[in-house]
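Report on the following structure.
Read-outs: derived from the displayed coordinates by stated rules, not from any lab. It should be emphasised that the depicted structure is a prediction, and the values quoted were computed from it without experimental measurement. Reconstructed Cβ throughout: ideal geometry from the backbone, glycine too, with neighbour counts over all protein chains shown.
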Amino acid sequence: MNEKVSVYLAGPLFSRGEIEWTRSLKREIEAALGERIEILWPFEIASGSKVEIFETNLAALRRSPLMVAILDGPQVDDGTAWEVGCHYALFGKRTIGIRTDSRKAGETPESKVNLMVEVSCRAVVEDVSGLHRELEAALAEIAPIAEG
């Protein structure tokens, strides 16, 4: 049985630029892997009251063994950081972070982002091609789990 794997797409959604960047990234991922994955993006699935949005997003996190988290900005968006931590608690290191931002955002010069977020991720990549490679590797690792 070849069921699609759910991938939760996390990132800030407070400006037109953030929404458009995430929409573009979603399209690129779907173009590369769409036959194997279903992307759950809070912008498209959640609405209503704060509690309804929270519950919808939490349900989507629970059914998504993989996550892509946009980690751009002077620091990781606090909602995205929470989603990364929650996903780690549910599935372990199955989040792939993408950080295209050239600003430093961690505790040390080598840090990509806050250490709690960075260590919760299986990888933090710098571009879409790196994201595709990590998603392919993660899908290969969990395919037997999804089919079992």
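Overview of values
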| quantity | calculated |
| --- | --- |
| The lone exception for residue 26 - which of (1) among the basic types (Lys, Arg); (2) surrounded by fewer than 17 Cβ atoms within 10 Å (Cβ to Cβ); (3) without any contact (Cβ under 8 Å) to a residue 40 or more places away in the chain it fails | (2) |
| Filtered residues of the stretch 98-134 (kept if of a type in the set (Lys, Arg) and farther than 15 Å from residue 75 by Cα) | 122, 133 |
| Residues satisfying the stated conditions in the stretch 33-86, i.e. of a type in the set (Lys, Arg) and in contact (Cβ under 8 Å) with a residue 40 or more places away in the chain | 36, 63 |
| Test result for residue 78, surrounded by fewer than 19 Cβ atoms within 10 Å (Cβ to Cβ), over 22 Å from residue 33 (Cα atoms) and in contact with a Gly (Cβ under 7 Å, 6 or more places away or on another chain) | no |
| Subset of the stretch 83-110 [of a type in the set (A, V, I, L, M, F, W, C) and either surrounded by fewer than 14 Cβ atoms within 10 Å (Cβ to Cβ) or closer than 19 Å to residue 30 by Cβ (or both)] | 89, 96, 98 |
| Complete set of residues in the stretch 87-141 that are of a type in the set (Lys, Arg), without any contact (Cβ under 8 Å) to a residue 40 or more places away in the chain and either in a helix (DSSP H, G or I) or farther than 14 Å from residue 66 by Cβ (or both) | 99, 103, 104, 133 |
| Flag for residue 69 being more than 24 Å from residue 36 (Cα to Cα) and touching a helix residue (DSSP H, G or I) at 6+ places or on another chain (Cβ under 9 Å) | no |
